[in-house]
Amino acid sequence: MSEHDHTTLTGLLALVRDRIEAGLHDRDAAARLPVLATRDAQGWPSARTMVMRGFDAHDWTLDIHSDADAAKVLQLTDGPRAALHVWDAEARLQIRMRAHVVRLPHEEEKALWQQVPEPSRAQYGAVPPPGTPIAAADAWHPNPRPARFAVLRARLLRIEALHIGEIHRRARYEREEGWQGSWLVP
Ligand SMILES: Cc1cc2nc3c(=O)[nH]c(=O)nc-3n(C[C@H](O)[C@H](O)[C@H](O)COP(=O)(O)O)c2cc1C
């Protein structure tokens, strides 16, 4: 699965990086579908599954796409603090992440829209917008358009890894500390 030594701080972080990267290329990798948690206007946590669309392993940023009028985008515009979560059963690894999540500039979103395959575009532009109460399950229609395509970039600030083994190992890594990491009681 991985040649990384999860018993060292650097090895465990390298394993995290590999397993997130796997989510980009392998449809079956757990990190393909991270859970993104935000807070709603009342302060309630709100978590949902997302497809990971991009990962910069050097800068530790992760991209996801959404309908621009979805609640999560509006919540993140109000305040960019979010959490991301992955449980990678194959690697016996839980990855908990803290991030600042912001939309890319509109010009960049427009350029990326060109790369969205035609059938996938229907996900961006529901009328009425996502989350609107409707009288029947199909009482809405897609109206795909670039103005409703949001690319969210999560800049990871903290990563917590929990490796489940004969001995459980938990470590925390902070961007501010150069990702050097420290062990925690699991
Ligand atoms: C397997 C799976 C993948 C999903 N991928 C995305 C995605 O990439 N982008 C997205 O906006 N919603 C995605 N969703 C839907 C979200 O989980 C969520 O229901 C929707 O975005 C509305 O969330 P919100 O109202 O909190 O913004 C996915 C759901 C599932 C079950």
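Odds and ends about this structure:
- Rounded to the nearest whole Hz, the Karplus-based 3J(HN,Hα) values (6.51 cos²θ - 1.76 cosθ + 1.60, θ = phi - 60°) of region 101-113 follow the sequence 10, 10, 6, 6, x, 4, 4, 5, 4, 4, 5, 5, 4, with x at glycine and proline.
- For the chain: relative contact order, % (alpha-carbon pairs under 8 angstrom, 6 or more apart): 21
- Per-residue surface analysis assigns Ile164 an accessible area of about 40 Å², computed on protein heavy atoms at 1.4 Å probe radius.
- Estimated D of the chain in µm² per second, where Rh is the Kirkwood radius over Cα pairs and Stokes-Einstein applies at 10 °C, 1.306 mPa s: 90
- By average C-beta atoms within 10 angstrom, highest first, the peptides 93-103, 28-38: 93-103, 28-38
- Region 110-147 and region 45-92: distance between their alpha carbon centers, rounded to Å: 19
- Stretching the chain fully between Trp44 and Arg27 yields a gain of 3.0 nm (0.36 nm per residue, less the alpha carbon separation).
- If the chain linking Ala139 and Ala122 were pulled fully straight, counting 0.36 nm for each residue of separation and taking away their Cα-Cα distance, it would gain 4.6 nm.
- The alpha carbon centroids of region 3-23 and region 154-186 are separated by 11 Å.
- Computed over protein heavy atoms with a 1.4 Å probe, the accessible surface of the chain works out to 57 Å² per residue.
- Length released on extending from Gln180 to Trp87, taking residue separation times 0.36 nm less the Cα-Cα span: 31.3 nm
- Nonpolar atom fraction for region 1-127, defined as the carbon and sulfur part of the 1.4 Å probe accessible area, stands at 50 percent.
- With a Förster radius of 45 Å applied to the C-beta separation of Ile167 and Leu74, the computed FRET efficiency comes to 0.55.
- GNM top mover of Ser66, Ser46, Ser120 - the chain, alpha-carbon springs below 10 Å: Ser120
The values are calculated or read from the model by the stated rules, or taken from the named source; none is laboratory data. All values derive from a computational prediction rather than experimental measurement. With ideal geometry, Cβ positions are generated from the backbone for all residues, glycine too; neighbour counts draw on all protein chains shown. Just so you know, the surface numbers come from the protein's heavy atoms only, side chains and all, with ligands and any DNA or RNA stripped out. Shrake-Rupley method; radii C 1.70, N 1.55, O 1.52, S 1.80 Å.
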